[in-house]
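The values are calculated or read from the model by the stated rules, or taken from the named source; none is laboratory data. The shown structure was predicted, so the numbers you read here are calculated from the model rather than taken from an experiment. Note: ideal-geometry Cβ built from the backbone for every residue, glycine included; neighbour counts use all protein chains shown.
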Amino acid sequence: MLDHEDVEEILKLLDATPVEEFELETARFRITLRRAADGGWTQERETRSSAGASRADLGRSAAGPADTGGFAVSTADADAPGIRSPLIGTFYRAPKPGAPPFVEVGSVVEPEAVVGIIETMKLMTSIYAGQSGRIVEILVPDGQPVEQNQLLMTVVPAAT
């Protein structure tokens, strides 16, 4: 998997070229970088499990637990079902300053729902829920730095 330093190096190389879009694909992931109108870059990333399934990763408050009506009960520990940061960077809950957050405690999400953004080296990466369920806790306040794989939100899986 690409780490923060790899993405940084790719962006430095691309900044020195007139390239508008760059795509890299391996058996484990696909990443597409596009030059934005302001000269920055946007990223679209897809990770693949060993079974071949994929999950897209593109691109702002801590809150307490909420009613889980219709959803299974879970805990907020490190092993809890949740949404994790795909990379190192700054976590944002909304698409831009002043905009409403993508999700709040109690929001019901589907796997393709955007729940936040990670900014790394001026590259915005959307964070997808990756699962169906209800957000029961938001663990990282808006604008805070996060580590790769850090738990951002706990999710109660949808009852089946």
Revision key, fill the gap. Note on segment 135-151: residues of a type in the set (A, V, I, L, M, F, W, C), more than 14 Å from Glu119 (Cα to Cα) and in a strand (DSSP E or B) are Ile135, Val136, Ile138, Leu151
Practice item. Look at segment 120-153 and say how many of its residues are of a type in the set (Asp, Glu) and surrounded by 20 or more Cβ atoms within 10 Å (Cβ to Cβ). Key: 1
**Study point:** Hits in segment 120-130 - residues which are under 14 Å from the mean Cα position of the chain (by Cα) and hydrophobic (A, V, I, L, M, F, W, C)
**Key:** Leu123, Met124, Ile127, Ala129
Study note, to complete from the structure: Over segment 104-134, the set of residues of a type in the set (Val, Ile, Thr) and not in a strand (DSSP E or B) is Val105
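This table checks each residue for (1) within 15 Å of the chain's Cα centre (by Cα); (2) closer than 26 Å to Ile10 by Cα; (3) of a type in the set (Val, Ile, Thr); (4) at pLDDT below 90.
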site: Ser49; (1), (2), (3), (4): no, yes, no, yes
site: Ala66; (1), (2), (3), (4): no, no, no, yes
site: Ser107; (1), (2), (3), (4): no, no, no, no
site: Val114; (1), (2), (3), (4): yes, yes, yes, no
site: Ile118; (1), (2), (3), (4): yes, yes, yes, no
site: Gln148; (1), (2), (3), (4): yes, yes, no, yes
site: Thr160; (1), (2), (3), (4): no, no, yes, yes
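Rundown of residues vs (1) surrounded by 11 or more Cβ atoms within 10 Å (Cβ to Cβ); (2) under 26 Å from Ile10 (Cα atoms); (3) at pLDDT below 55, yes/no style:
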residue: Arg28; (1), (2), (3): yes, yes, no
residue: Arg34; (1), (2), (3): yes, yes, no
residue: Gly39; (1), (2), (3): no, yes, no
residue: Arg55; (1), (2), (3): yes, yes, yes
residue: Arg60; (1), (2), (3): yes, no, yes
residue: Gly70; (1), (2), (3): no, no, yes
residue: Ala78; (1), (2), (3): no, no, yes
residue: Gly89; (1), (2), (3): yes, yes, no
**Study point:** Flag for Leu13 being outside any strand (DSSP E or B), farther than 30 Å from Ala159 by Cα and modelled with pLDDT of 75 or more
**Key:** yes
Point to revise | Residue check, Ser132 more than 21 Å from Thr42 (Cα to Cα) and in contact with an Asp or Glu (Cβ under 7 Å, 6 or more places away or on another chain) | key: yes
